[in-house]
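Readers should treat all values here as calculations from the given coordinates under stated rules, not as data from a laboratory. Source: prediction; values computed, not measured. So basically every Cβ, Gly included, is an ideal-geometry build from the backbone, and we count neighbours across all protein chains shown.
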């Protein structure tokens, strides 16, 4: 029986995690749930179903709204550090499915407590960089992203010194094949219509701009110690091949399954062992056509921008992520256009890299860079909308 703390329980990954646990009730016990407060009704229902020891929410108002809705045995923690405190509870696995930079301190708290960290919050690793990797014991971080779970599985086929490169697959999002000029008039509704995955708003827009693939590039570099130039992104529209590892002899090992996040979630919860009956496999009696094509860096420059931030290191990835989150909100609110997202992030990153070099990473420097990136992106967006609108 593994005790599990789930951060971000009401989001897409969180709800699917509970679905996996529900299918294996003898294997897991949910001892803590946290959520951002946007869907307290669902959080209360989850608490009633799983009866955790603690539920964590970010504000006293959210805690008050849960009054009388939770099991008597469940305590409520509230405040900006509630998820961080929850991540530090003694347990077997902390699954961090918080969205964005807010996941950094809970990630560090889970690692400091010695808990296995099942990481769906890639942003905390990307912005924290060596701060996070230095805090982690070997094998303490287990990836939940389907691509990084694929790498972990394929890497079992050889020794580290035998790896030639990682091949990171991307669906290409809803605008695969379009030129930059054809992306000018894209609407939020179109960008949110992902052809393969059902995800939250930020991740879905990030998939449309391929900013998400840029974050995954940085994540792969940090998780597996593979040089950024030895990680290649290729477009694979059906998302059946989740990623591949090429070895020095020319052999390539691919991890394949129909697109279903329950599979990497289950593997992360029970790592290194697999759980039976989590997801369906392929029907090999039917024809299957797997297509791959190169990434169009002109139409989707976000991946190379991420690679540039990774080479710069320091707080550059934090600025990249922070500016993007602000731009996604502005795009969804109709204040900027689709192409303005990456263009604005690029401008913010350029300005950051033109300044003094970072002297070292700490929680304070990362969060300061995150705040600066958000503020600067907001200023550029305000100037853009003041001059000519979105």
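In terms of overall dimensions, the C-alpha atoms belonging to the stretch 95-249 reach 47, 41, 23 Å along their principal axes, ordered largest to smallest.
The Rg/Rh ratio of the stretch 167-290, with Rg taken over Cα atoms and Rh as the Kirkwood radius over Cα pairs, comes to 0.98.
Distance between the 7 Å Cα→Cβ label points at residue 290 and residue 72: 5.5 nm.
Taking 0.36 nm per residue of separation and subtracting the current Cα-Cα distance, fully stretching the chain between residue 382 and residue 346 would add 11.3 nm.
Counting beta carbons within 10 Å around each of 83, 146, 73, 164 and listing the fewest first gives the order 73, 164, 146, 83. Taking every DSSP beta bridge that has both ends in the chain, the antiparallel portion is near 30%. Place a label point 7 angstrom from the Cα of residue 164 along the Cα-to-Cβ direction, then list the residues of the stretch 245-280 whose backbone nitrogen is under 15 Å away. The answer is 245-254. Using the Cα coordinates of the chain, the gyration tensor eigenvalues translate into equivalent-ellipsoid semi-axes of 30, 27, 21 Å, sorted from longest to shortest. Projected over every direction and averaged, the convex hull enclosing the alpha-carbon atoms of the stretch 292-379 yields 6.5 nm².
Report, as a whole number in µm² per second, the diffusion coefficient that Stokes-Einstein gives for the stretch 48-161 at 4 °C and 1.567 mPa s using the Kirkwood radius over alpha carbon pairs.
Result for D is 84 µm²/s.
Taking N as the residue count of the stretch 240-284, its C-alpha radius of gyration divided by 2.2 N^0.38 Å amounts to 1.33. The slack between residue 192 and residue 333, meaning 0.36 nm per residue of separation minus the straight C-alpha distance, is 49.5 nm. Treating the Cα atoms of the stretch 1-67 as identical point scatterers in vacuum, please give the log10 of the normalised Debye intensity I(q)/I(0) at q = 0.12, 0.13, 0.25, 0.29 Å⁻¹, two decimals. Rounded to two decimals, the profile gives -0.27, -0.31, -1.09, -1.41. For the chain, the relative contact order is 15 percent, taking Cα pairs closer than 8 Å that sit 6 or more residues apart in sequence and dividing their mean separation by the residue count. The order of 365, 179, 169, going from fewest to most other C-beta atoms within 10 Å of their C-beta, is 179, 365, 169. Listed by Cβ neighbour count within 10 Å, with the fewest neighbours leading, 127, 253 appear as 253, 127.
Compute the separation of the alpha-carbon centres of the stretch 7-67 and the stretch 316-390 and state it in Å as a whole number. Distance between centres, Cα-based: 32 Å.
Between residue 282 and residue 133, the simple label model (points 7 Å from Cα in the Cβ direction) yields a spacing of 3.3 nm. What separates the Cα centres of the stretch 83-122 and the stretch 232-292 is a distance of 26 Å. Packing here is the average count of other Cβ atoms within 10 Å per residue, and on that basis the peptides 236-248, 182-194, highest first, run 236-248, 182-194.
Reported value for the stretch 148-208: 114 Å³ per residue, from the convex hull of its C-alpha atoms.
Extending 7 Å from Cα along the Cβ direction at residue 304 and again at residue 357 yields two label points whose distance is 2.5 nm.
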